[in-house]
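Computed from the coordinates by the stated procedures, all read-outs in this text should not be read as laboratory data. All of these numbers come straight from a predicted model, not from anything done at the bench. Ideal geometry is used to build each Cβ from the backbone, glycine not excepted, and the neighbour counts take in all protein chains shown.
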Amino acid sequence: MTMRIAPSILNADLADIAAEVARVPSSDMIHFDVMDNHFVPNLTLGLPVVESLLRHTTTPIDAHLMIEDADTWAPQYADLGCESVTFHAEATKAPIRLAREIRKLGSRASLALKPTTSIEPYAEVIGEFDMILLMTVEPGFGGQSFLDSVLPKIRRTRGLIQDTGKQIWIQVDGGVSVDTIGRAAEAGADVFVAGTAVYRSDDPDAMVTKLRDLAVSACGH
């Protein structure tokens, strides 16, 4: 199982995002948090900034939409050229239709779940998604502590994915660090969003490599 690290730009210097992306050339993709101050109590960046960033980097963009009315907005991020577009189960009326529309536009389609949202209601349709994002903090702010209570849900999700026979990624977002990434990887995660751990380290790119190595080691691969 390939381990991927997606540094969160939310924890970088937002005055020079392209330069901050360039500081982590070893990253597999850049995680871009979009918040609307409705779905979550925070306001960040949106379509125009993503469009601009895509002109200045070849690193794949992993757009995480923590917004209301994902059915309207998510396809627009796919249309811009984001590698992956994640929308929340709690913010869509038609998750399967939306995932298919995102994929038709050329992006990977990902379903996100808050810590208290169960994966079981999506067990029969999990094969419709390219990635499942399991929040390991309450969405809205960086710098929170990893919730170990989500680990059993990661394990259950990995089991459901194995039953499909498909290559569906499991991403974890929130509190990922050198102290927690091993537990998440052992539970079955293979894509890790790391904001504070990467951008507040002395050498962000070296931290990306270190986190990936720790995840690989935890899985014995």
Segment Ser145-Asp213, extension gain: residue separation times 0.36 nm, minus the distance between their alpha carbons: 22.4 nm
Ranking of Lys153, Lys210 by count of other Cβ atoms within 10 Å, fewest first: Lys210, Lys153
Relative to a virtual label point 7 Å from the Cα of Ala19 in the Cα→beta-carbon direction, which members of region 25-64 show backbone nitrogen distances below 17 Å? 25, 53, 56-57
Could you give the C-alpha radius of gyration of region 4-219 expressed as a fraction of 2.2 N^0.38 Å, taking N as the number of residues it contains? 0.93
For region 167-180, what does the Karplus curve 6.51 cos²θ - 1.76 cosθ + 1.60, with θ = phi - 60°, yield as ³J(HN,Hα) per residue in whole Hz, taken in order and with x for Gly and Pro? 8, 9, 7, 10, 9, 10, 9, x, x, 6, 8, 4, 8, 10
Extended-chain gain in nm, criterion 0.36 nm per residue less alpha-carbon gap, Val49 and Asp179: 43.6 nm
CD proxy at 222 nm, helix term only [per DSSP H run n ≥ 4: -39500 (n - 2.57); per residue of the chain; nearest 500]: -10000 deg cm²/dmol
Which of Tyr77, Tyr122 comes first, and how do the rest follow, when ranked by fewest Cβ neighbours within 10 Å? Tyr122, Tyr77
With springs connecting C-alpha atoms under 10 Å apart, model the chain as a Gaussian network and identify which of Pro75, Pro115, Pro41 has the largest mean-square fluctuation. Pro41
